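**Q** Please read through the structure below; I'll follow up with questions.
The values are calculated or read from the model by the stated rules, or taken from the named source; none is laboratory data. Everything numeric here is computed off the predicted structure, so don't read it as measured data. A quick note on method: Cβ atoms are made from the backbone with ideal geometry, for glycine too, and the neighbour counts reach across all protein chains shown. Surface areas here come from the heavy atoms of the whole protein model, side chains and all, with no ligands, DNA or RNA. Shrake-Rupley method; radii C 1.70, N 1.55, O 1.52, S 1.80 Å.
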Amino acid sequence: MQSPTTVPTREDMQQKIEQFAGQVVADLAAAMAGAMTNLGHKLGLYQAMAESGPINSDELARRTETNERSVREWLRAQVAGGYVLFDSDSNQYLLPPEHAFVLANPDSPAFLPPAFDVAASLWHGEDKLLAAFRSGNGVGWHEHNCRLFTGTEAFFRNGYRAYLTQTWIPSLSGIQEQLTNGARVADVGCGHGASVILMAQAFPKSTFVGIDYHESSISVARERAKQAGVADQIRFEVATPRVLATGKEKFDLVCFMDSLHDMGDPLEAVWASRQAMAPDGALMLVEPFAKDRSEENVGPVARMYYSASAGLCTQNALSQGGRYSLGAQAGATQLLAILKDAGFQAGRVAMETPFNLIIEARP
């Protein structure tokens, strides 16, 4: 960074303006292209291209029962963005297999189109966010457009499917064996129930409780559990984390799956989980990956998390009183400090991935 006393020349300033304007234009292009990515997903265009190999716009429109002229312009936008390849000799378009893994495979851990519904919910709630930034009163999760709920479920579910029971739970000391033999588990802030349903499927001898304050999400979670054939293993409750401290149940594992940073009083939430924990129980905290210093959290992933946090996570915490308002980039040191303040005697980072921190704590 230049010294504050350094006066840039007119030419230097013009070059910097042009460079930064180019960066903003790239962001604007990405924002508009995101809508096209979502259309391609929901119209089945990516799926059809993944199944067909090289294809022209007429055939793609026929296979997806869409308008050819619209599809042709969509394809040109995809080529401009590098999502799709074009062969001018054959007048055909190709979705490369590595791109199909991200755009057309709903079972892939890298399947990203549902995240665009989360982004869309931010635009949909713009007026509420404008008011919340001025008042400091926040915007509750339940106040957002329903695309937030379905997009969040779909975006996180595939990552949980790939890693939750295969690597994250095995990284906790002795927990996998307890779950295999039969344990009691609470999933706090469960949303549509993706994580708790996956655990129930993997550990049929265990029983689960899913807790979330959002009644509509709990209704969806109950239906998802029925569809997955695990409704008899899971009880879903419309409640806040405090219910753990007031109940009589003791849990071998309490999970916060990408939810603690959304809560207005995370200290109370983890304190309540400790009160409900069996003597040899554990807490598993899954949070977005972040380093402890905000200036170290740079790049596309951190930018995505900070943006979502400013519009969604922090706003929900503020709407609930915001004792900490952790945000989605809290970092391990701050998270471990809250666990210690809540009475946990031992806490550690069990795993790190490019997208997640997995923290284990013991009473």
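**Q** Given Cα pairs under 8 Å that are at least 6 residues apart, what percent is the relative contact order of the stretch 170-250?
**A** 30 percent
**Q** Between residue 107 and residue 124, with labels modelled 7 Å along Cα→Cβ, what's the label distance in nm to one decimal, could you check?
**A** 2.9 nm
**Q** Please list, in order along the stretch 238-247, the HN-Hα scalar couplings obtained from phi with the Karplus expression 6.51 cos²θ - 1.76 cosθ + 1.60 (θ = phi - 60°), rounded to whole Hz, x for Gly and Pro.
**A** Once θ is set to phi - 60°, the couplings for the stretch 238-247 become 7, 6, 9, x, 4, 4, 5, 6, 8, x Hz.
**Q** Once phi is turned into ³J(HN,Hα) by the Karplus curve 6.51 cos²θ - 1.76 cosθ + 1.60 with θ = phi - 60°, what whole-Hz value does each residue of the stretch 46-52 show in order, with x for glycine and proline?
**A** 5, 4, 5, 5, 5, 7, 9
**Q** Additional query: How many Å² of accessible area per residue for the stretch 239-330, probe 1.4 Å?
**A** 40 Å²
**Q** Accessible area per residue of the stretch 1-130 at 1.4 Å probe, in Å²?
**A** Per-residue value: 64 Å².
**Q** On to the next question. May I ask you to derive the FRET efficiency for residue 215 and residue 7 from their Cβ-Cβ distance with R0 = 45 Å, giving the value to the nearest 0.05?
**A** Using R0 = 45 Å, I get an efficiency of 0.15.
**Q** Scan the stretch 1-91 for GluC sites (Glu not before Pro) in coil per DSSP, keeping those whose Cβ has at most 11 other Cβ atoms within 10 Å, and list them by number.
**A** Here the sparse-neighbourhood loop sites are 65.
**Q** Give me the percent of the accessible area of the stretch 224-294 that comes from carbon and sulfur atoms, probe 1.4 Å, all protein chains in place.
**A** C and S atoms contribute 49 percent here.
**Q** Suppose R0 equals 51 Å. What FRET efficiency, 1/(1 + (r/R0)^6) with r the Cβ-Cβ distance, do residue 294 and residue 52 give to the nearest 0.05?
**A** The value I calculate is 0.65.
**Q** Additional query: Taking the chain as a Gaussian network, where each spring joins two C-alpha atoms under 10 Å apart, which residue of 293, 274, 222 fluctuates the most?
**A** 293
**Q** Show the residues, 5+ positions off or on another chain, whose built amide H is closer than 5 Å to the amide H of residue 282.
**A** Residues meeting the amide H criterion: 253, 254.
**Q** Hey, another quick one. Of the DSSP beta bridges with both residues in the chain, give the percent that are antiparallel, rounding to the nearest 5.
**A** Restricted to the chain, the bridges split so that about 45 percent are antiparallel.
**Q** Can you compute the FRET efficiency between residue 35 and residue 249 using 1/(1 + (r/R0)^6), with r the Cβ-Cβ distance and R0 = 30 Å? Round to the nearest 0.05.
**A** Using R0 = 30 Å, I get an efficiency of 0.10.
**Q** On C-alpha positions alone, give me the angle between the axis of helix 68-80 and the longest principal axis of the chain, in degrees, nearest 10.
**A** With rounding to tens, the tilt is 80 degrees.
**Q** Using a 1.4 angstrom probe on heavy atoms only, work out the carbon and sulfur share of the accessible area of the stretch 5-99 in %.
**A** Carbon and sulfur: 56 percent of the exposed surface of the stretch 5-99.
**Q** Still on this structure: If you take the square roots of the eigenvalues of the alpha-carbon gyration tensor of the chain and sort them as a ≥ b ≥ c, do you get rounded (a/c under 1.5), prolate (a/b over b/c) or oblate?
**A** oblate
**Q** Out of residues 5 or more away from residue 187 or on other chains, whose amide H comes under 5 Å of its own, with H placed 1.01 Å from N in the peptide plane?
**A** Here 209, 210, 211, 255 satisfy the definition.
**Q** Using a simple spin-label model with points 7 Å from Cα along the Cα→Cβ vector, what separation in nm is obtained for residue 59 and residue 91?
**A** Once both label points are built, they end up 1.3 nm from each other.
**Q** Only Cα pairs under 8 Å and at least 6 apart count here; give the relative contact order of the chain as a rounded whole percent.
**A** About 12 percent, as a whole number.
**Q** What's the lysine pair count for the chain at a Cα cut-off below 24 Å, pairs eight or more apart or interchain?
**A** Summing the qualifying lysine pairs gives 6.
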